[in-house]
Amino acid sequence: MTLRISTVGMVFMLMFGVLAARLWVVQVATGDVYAAESERQQLKPVRLVAARGEIIDANGVVIATVVRQPRIIVDPSFIGEEDLEQLTQEIAGLLDETSASDIRELFESARPNTVFPLKGLELTADDAYFILEHRGRFPGIDIEWTPVRSYPLDNIASHLLGYAAAPSEADLERNPELPTNGTVGKAGVERYYDELLQGNRGTTFFRIDPSGKVISLESKEASTPGATVQLNLDIDLQWIIQAALADGIVNSRLTEVDEDTGDASTASRGAVVVLNANSGAVVGMASFPDYTPQGFVDGFSTEDYAVLLETQAFNNLAIQGQYPPGSTFKAITYYSAWEEEVFAISAVDQSPTGVIHINSESRLDLPSLEDASQKQFFGHCPNVDADIHEAFIRSCNVYFWEIAANFWAGFKGTDSESAMQDHARNVGLGARTGIDLPFEKPGVIPDRELFTDWAETGDARLSSARLEAGALWNGGDLLNLSIGQGSAIATPLQMATAYAALSTGKLYEPHVVRRVMDHNGVVLEQYNPTLIRELELPPGFLTAFRNDMALVTQARRGTADGAFAGMDQLNRTGGKTGTADGASGKLPHAWFVGVTPIQAPEYVIAVVVEEGGSGGLIAAPIARAIMQYLLGEQVDPIIEDGLLSTLPPWLLDVDLEQVEAAAAGG
């Protein structure tokens, strides 16, 4: 018996010893760890929104910035169902023009179990301070002095800038780290450089009681603002570009008439790109119609947004508009002729009047799809016996068809059959340029391989008539390509890039951003020119090409001489017009691609007015106004009382007499 009692006693002593040891470990040896864990469980972290980085132009002018505005942030985990009715009443009582039912709808429309802002409430600084001073009446509510995107220059460079807005479900699925109460870049530079512009989010720690209600603000880890992105864009030049484009479109509507129908032009869309010819830097880019990025911050009216959607105003036609380049493509045919030394006519019947007919029996293999006489009519041009220089200056289709016919006769069925297309691709056509903007389109440079692929995939771009005739690729397609028609399409940016390469001998990747800096101005990344390739141009090509472009704008026989008449420095301009057939029953697209100064190229300007009419009458005057600005000349108006007759909005308050006096030394 005594032994049993002793044994039981020893067991109890051992158990109490183990328990005591465990209590010692918990309370003494690891007490700090458990205390910290307990402390952690009483703190609730709430992520903050970092200030989005600024976007500035080449001279430091702010184009996109942030302003700090108070707004209500709701954390539903702090709000019990019994609190919600009282809470909505309290908020409504604070805000004069918002009812409790409206606020309740905001709560119900939010994503469940997610911190969210109460959008659309006009909260003053006094309202914000009142909430902070009376937290007990506003459970689950915090005030965040939120950095809100601001675009101070209205619609200036809207397509290049893009815009930032609240993240969508798709944005959050793609990147769960995005703040639901912040913004994400949706288009343009805002989207392409979003990660750098976002900044690093801070965190606020709230002390809460066991029921989850806030007791106090414990601490805050500050956010770090996003990087500052500096563009190659010049805002003053950008204003000139946008004003000239808008005036040019109006000019088309005032002057252009369809010769067949007698209908006046209904042009309403167009684009301009201005590149530094020696670096690929995008110093200006415009697309019309445009929009105001601030609308995505303040909200568009239903009517305004419907119009923007209907007119496809959010499309950047400079990089997304794909048009037949028309006669501006003749620069590539010109280049191809020099490279291959192909200038003479082949397998073409030519009448004394300068009208070309292609026989279906000729080596061109052009089965007629429409003409019962088994011939295809390809237009006319005076002085068809002119050389390539005269043909380029006067934009004579016949001569360039002759070049294409010789290419076909000489290279058909050989490895060089696509020589002209290869030269086009060599200067950047038929593929995305690699510009640092989203949604760029690639354009099309057609050849036999592409048409065969379209036939195999049932692509609608290949007509059923062609398939039935069994003619997937023939000489007529090459003749069409030689003058920028048929299936060839290009963006204004691609044409600008191609002319920059042909004018300098170097193909650069176009680039919008110059450098990226942190919020203290320290350069994080400097973007230097990216040389894609140096062209091995034939001897004499650069001199001839520049001279011929100069004569397009300067000689009386040039197709753009009227648009450039009266400029002070005619010997400094050059380019090529284009009038490209588009949709049936519509006016052609008006093109002009120009270079200035022509003998030492610095800038390339590509202009297109969709369904605008004549390239020489409509697109060239737009380029002329831009060149005048770049050359330091007085910019002549395109239309009477147009935008070019006014001043940029940021100069309207300037005392012009004082400026003129200062300039004169007075």
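The values are calculated or read from the model by the stated rules, or taken from the named source; none is laboratory data. Since the structure is predicted, the reported quantities are computational estimates derived from the model, not experimental observations. Please note: Cβ atoms are built from the backbone with ideal geometry, for glycine as well, and neighbour counts cover all protein chains shown. Ligands, DNA and RNA are excluded from the accessible area calculation, which covers all protein heavy atoms including side chains. Shrake-Rupley method; radii C 1.70, N 1.55, O 1.52, S 1.80 Å.
Out of all the residues in the stretch 41-75, which are under 20 Å from H134 (Cβ atoms) and outside any loop (DSSP other than H, G, I, E, B)?
Scanning the stretch 41-75 gives K44, V46, P70, R71, I72, I73, V74.
Residues that are on the phi < 0 side of the Ramachandran plot, in a loop (DSSP other than H, G, I, E, B), touching a residue at least 60 places away in the same chain (Cβ under 8 Å) and of a type in the set (V, I, T): does the stretch 531-540 have at least one?
Applying the first criterion (on the phi < 0 side of the Ramachandran plot) to the stretch 531-540 yields 531-539.
In the following step, the residues that additionally are in a loop (DSSP other than H, G, I, E, B) were identified as 535-539.
So of that shortlist, the ones also touching a residue at least 60 places away in the same chain (Cβ under 8 Å) come out as 535, 537-538.
Subsequent filtering for residues that are of a type in the set (V, I, T) retains none.
Looking through the stretch 531-540, none of the residues is on the phi < 0 side of the Ramachandran plot, in a loop (DSSP other than H, G, I, E, B), touching a residue at least 60 places away in the same chain (Cβ under 8 Å) and of a type in the set (V, I, T).
Could you tell me whether T452 is among the hydroxyl-bearing types (S, T, Y) and either at pLDDT below 95 or in a strand (DSSP E or B) (or both)?
Values: among the hydroxyl-bearing types (S, T, Y): yes; either at pLDDT below 95 or in a strand (DSSP E or B) (or both): yes.
Yes, satisfied.
Which of the residues spanning the stretch 126-161 are open to solvent by less than 30 Å² (accessible area, probe 1.4 Å) and assigned to a helix (DSSP H, G or I)?
D127, A128, I131, S158, H159, L160, L161
So, in the stretch 404-426, exactly how many residues are of a type in the set (G, A, S) and open to solvent by 40 Å² or more (accessible area, probe 1.4 Å)? Break it down into steps so the answer makes sense when it comes.
Going through the stretch 404-426, the residues of a type in the set (G, A, S) turn out to be 404-405, 409-410, 413, 416, 418-419, 424.
Filter once more, so that each one left must be open to solvent by 40 Å² or more (accessible area, probe 1.4 Å): 410, 413, 416.
Residues in the stretch 404-426 being of a type in the set (G, A, S) and open to solvent by 40 Å² or more (accessible area, probe 1.4 Å): 3 in total.
Search the stretch 231-247 for residues that are within 16 Å of A620 (Cβ to Cβ) and pair each with any residue that is part of a loop (DSSP other than H, G, I, E, B) and open to solvent by 10 Å² or more (accessible area, probe 1.4 Å) when their beta-carbon atoms are under 6 Å apart and the residues are at least 6 apart or on different chains.
Close Cβ pairs satisfying both conditions: D247/I638; D247/I639.
State which residue is farthest from the chain's Cα centre (by Cα) when the search covers only the stretch 467-485 and only residues that are under 24 Å from I605 (Cα atoms) and not hydrophobic (A, V, I, L, M, F, W, C).
First pass over the stretch 467-485, keeping only residues under 24 Å from I605 (Cα atoms): 481-485.
Next cut, not hydrophobic (A, V, I, L, M, F, W, C) only: 482, 484-485.
On the way: S482: 29, G484: 24, Q485: 26 Å.
Top of the filtered list is S482.
May I ask you to verify whether A164 is within 20 Å of F116 (Cα to Cα), surrounded by 22 or more Cβ atoms within 10 Å (Cβ to Cβ) and among the hydrophobic types (A, V, I, L, M, F, W, C)?
Working: within 20 Å of F116 (Cα to Cα): yes; surrounded by 22 or more Cβ atoms within 10 Å (Cβ to Cβ): yes; among the hydrophobic types (A, V, I, L, M, F, W, C): yes.
Judged against the criteria, A164 is a match.
Within the stretch 470-490, take every residue that is among the hydrophobic types (A, V, I, L, M, F, W, C) and part of a loop (DSSP other than H, G, I, E, B) and give me the one that is modelled with the lowest pLDDT. Give the steps one after another, and end with the answer.
Taking the stretch 470-490 and keeping what is among the hydrophobic types (A, V, I, L, M, F, W, C), we get 471-473, 478-479, 481, 483, 488-490.
Still in the running and part of a loop (DSSP other than H, G, I, E, B): 471-473, 483, 488.
Working: A471: 75, L472: 86, W473: 91, I483: 95, A488: 97.
Ranking the qualifying residues of the stretch 470-490, first place goes to A471.
Against the definition (closer than 30 Å to H511 by Cβ and either open to solvent by 40 Å² or more (accessible area, probe 1.4 Å) or modelled with pLDDT under 90 (or both)), how does P648 come out, yes or no? Spell out the reasoning first.
Numbers: closer than 30 Å to H511 by Cβ: yes; either open to solvent by 40 Å² or more (accessible area, probe 1.4 Å) or modelled with pLDDT under 90 (or both): yes.
So P648 fits the description; yes.
What number goes with the only condition from (1) loosely packed, with under 11 Cβ neighbours inside 10 Å; (2) modelled with pLDDT of 80 or more that I79 does not pass?
(1)
P139 passes all but one of (1) over 20 Å from L43 (Cα atoms); (2) in contact with a Leu (Cβ under 7 Å, 6 or more places away or on another chain); which number fails?
Here P139 meets the rest and fails (1).
Scan the stretch 291-313 and give yes if some residue there is part of a loop (DSSP other than H, G, I, E, B), open to solvent by 60 Å² or more (accessible area, probe 1.4 Å) and on the phi > 0 side of the Ramachandran plot, otherwise no.
Checking the stretch 291-313: at least one residue is part of a loop (DSSP other than H, G, I, E, B), open to solvent by 60 Å² or more (accessible area, probe 1.4 Å) and on the phi > 0 side of the Ramachandran plot.
Hey, could you check the stretch 167-217 for residues that are at pLDDT below 80 and aliphatic (A, V, I, L, M) and say which is surrounded by the fewest Cβ atoms within 10 Å (Cβ to Cβ)?
Looking at residues that are at pLDDT below 80 and aliphatic (A, V, I, L, M), I get I215.
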